[in-house]
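The values are calculated or read from the model by the stated rules, or taken from the named source; none is laboratory data. Owing to the predicted nature of the structure, the values given are computational and were not obtained by experimental measurement. So basically every Cβ, Gly included, is an ideal-geometry build from the backbone, and we count neighbours across all protein chains shown. Heads up: the accessible areas ignore ligands, DNA and RNA and are worked out on the full protein's heavy atoms, side chains in. Shrake-Rupley method; radii C 1.70, N 1.55, O 1.52, S 1.80 Å.
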Amino acid sequence: MKQLFFIALAAMAMTACTSAKADQEKSEQEDAPVVYFTKEITPESLIRVYEALGVEIPDGARVAVKISTGESKHTNHLRPDFIAPLVNKVGGRLVECNTAYGGARATTEAHRKAIAERGYVNVDIMDEEDTMHLPVKDTKWIQYDIVGSHLKNYDFMINLAHFKGHQMGGFGGVLKNQSIGVAASCGKAYIHSAGVTDDVDKCWRHTDNQDGFLESMAAAAQAVHDYFKKDGRNIVYINVMNNMSIDCDCNAHPEAPKLKDMGILASTDPVALDKACLDLVFGHTNTTGDDANPLIRRIKMLHGTHTVEYAEKIGLGSQKYQLVEIE
């Protein structure tokens with residue numbers, strides 16, 4: 001009888017422990033940042049998912065909308081007619097920075113030509129004149145973030161990213177768009193080399209430290225986030241999950257997407273947002289003509305999920321989130 005009594009006590013203790021753990025997990029989930037999601041990919045749904053965030057732009061605020069202008073007309077960058085209604089609604093200006101790898105956008109002159117060819121208007125190339133350093137909290141690899149000096153001209157940023165693969169980072173979403181994307185060309189070199197050099201001609205000799213590169217991206221993304229979360233500034237995040245090639249929009253001739261479009265997601269937490277998009281890809285049920293495996297292989301091959309993991313570790317955001325679908 002004593003043995004049965006102690007077994008019963010143990011079972012009750014285990015049940016109580018399980019219940020407490022479930023309550024804790026439920027509480028953590030309820031406190032997790034919200035990621036808004038719509039399956040519809042239209043200019044109107046882009047505005048709706050932005051509005052769902054409920055973040056007001058102060059009167060007179062100068063609004064930057066960070067996009068990628070794409071390396072060629074063949075890339076899968078977000079098209080002008082798709083983003084224009086949102087940009088006009090917020091009274092924003094498109095912002096970009098020059099590249100570090102040569103190509104069609106390595107100089108301001110070449111980049112302006114590319115911008116005109118893509119049909120974008122009113123684009124500010126933020127490192128056209130000079131650069132400035134942003135402090136970083138995590139100095140494991142980089143000691144600062146080198147961005148275009150025009151960043152100081154903005155009070156509010158919409159990080160509007162095209163979610164897809166990336167030939168060096170595994171995938172590109174808002175964290176990539178905010179780190180490499182906002183960095184000046186020399187800042188891109190500094191991140192890619194994990195703090196070894198800001199010389200664009202020398203940085204590619206130092207690309208064998210993959211985790212260092214990914215962790216440098218997380219640190220740089222945090223620097224921009226922190227810049228826009230003080231002194232009355234603010235920032236929000238949007239990922240558009242369409243035309244998801246395994247290659248980035250910095251590749252002039254990307255592989256054709258094998259995965260069908262999924263939708264648009266938005267959050268005030270960049271880590272939660274990129275994690276939600278990764279979960280949609282990794283949890284996708286493949287069918288003929290709709291295969292997530294090529295993108296998953298690209299992400300795994302380059303340890304791409306580590307960027308999100310490390311970004312959470314250094315306090316940029318949370319991998320836990322609440323996914324809220326909107327009509």
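Let's test the formula: R0 of 25 Å, r as the Cβ-Cβ distance of D201 and K137. What FRET efficiency results, to the nearest 0.05?
Values: r = 29 Å, r/R0 = 1.18.
Calculated transfer efficiency: 0.25.
Multiplying the sequence separation of I47 and A256 by 0.36 nm and subtracting their Cα-Cα distance, what value in nm do you get?
So the chain would gain 72.5 nm between I47 and A256.
Starting from the Cα of K164, draw a straight line to each of the lysines and keep only those under 18 Å, dropping any in the same chain fewer than 8 residues away.
K39, K66, K73, K176, K258, K260, K275, K300
Counting only protein heavy atoms, what percent of the accessible surface of the chain is carbon or sulfur at a 1.4 Å probe?
Values: 7470 of 14620 Å².
Carbon-and-sulfur percentage of accessible area, whole number: 51.
Accessible area per residue for the stretch 50-111 in Å², computed with a 1.4 Å probe and the full protein assembly in place, what is it? All intermediate terms of the calculation are to be shown ahead of the outcome.
On the way: 2640 Å² over 62 residues.
Spelled out: the 1.4 Å probe surface of the stretch 50-111, per residue, equals 43 Å².
Hey, can you find the accessible area per residue of the stretch 196-327 for me, probe 1.4 Å, expressed in square angstrom? If you can, show how the numbers build up before the last one.
Details: 5650 Å² over 132 residues.
The answer is 43 Å² per residue.
Roughly how many Å² is the accessible area per residue of the stretch 135-184, as a whole number, for a 1.4 Å probe? Display every interim value, and only then the final one.
Working: 1210 Å² over 50 residues.
Ligands and nucleic acids excluded, the result is 24 Å² per residue.
For the stretch 184-246 and the stretch 264-327, write down the distance between their C-alpha centroids in whole Å.
Between the Cα centres of the stretch 184-246 and the stretch 264-327 lies a distance of 18 Å.
Express in % the proportion of alpha carbon pairs of the chain at distances exceeding 33 Å. Can you show the working numbers first?
Values: 13145 of 53301 pairs.
Looking at the chain, the distances longer than 33 Å represent 25 percent of pairs.
Pick out, in residue order, every one of the GluC sites (Glu not before Pro) in the stretch 83-162 that is DSSP loop and has at most 15 other C-beta atoms within 10 Å; say none if there are none. Walk me through the numbers before you get to the answer.
Working: sites: E96, E109, E117, E128, E129; in loops: E128, E129.
Those that pass, being in a loop and sparsely packed, are E129.
Let me check I have the definition right: for the stretch 128-193, take the eigenvalues of the Cα gyration tensor, multiply each by 5, take square roots. What are those semi-axes in whole Å, largest first?
Values: eigenvalues 74, 52, 25 Å².
So the equivalent ellipsoid measures 19, 16, 11 Å along its semi-axes.
At what distance in nm do the modelled label points of V324 and D59 sit from each other, each positioned 7 Å from its Cα along Cα→Cβ?
2.7 nm
Test of the criteria: in the stretch 38-88, which GluC sites (Glu not before Pro) are in a DSSP loop and have at most 16 other Cβ atoms within 10 angstrom of their Cβ? Intermediate values should be presented prior to the final figure.
Working: sites: E40, E44, E51, E56, E71; in loops: E40, E56, E71.
Those that pass, being in a loop and sparsely packed, are E40, E56.
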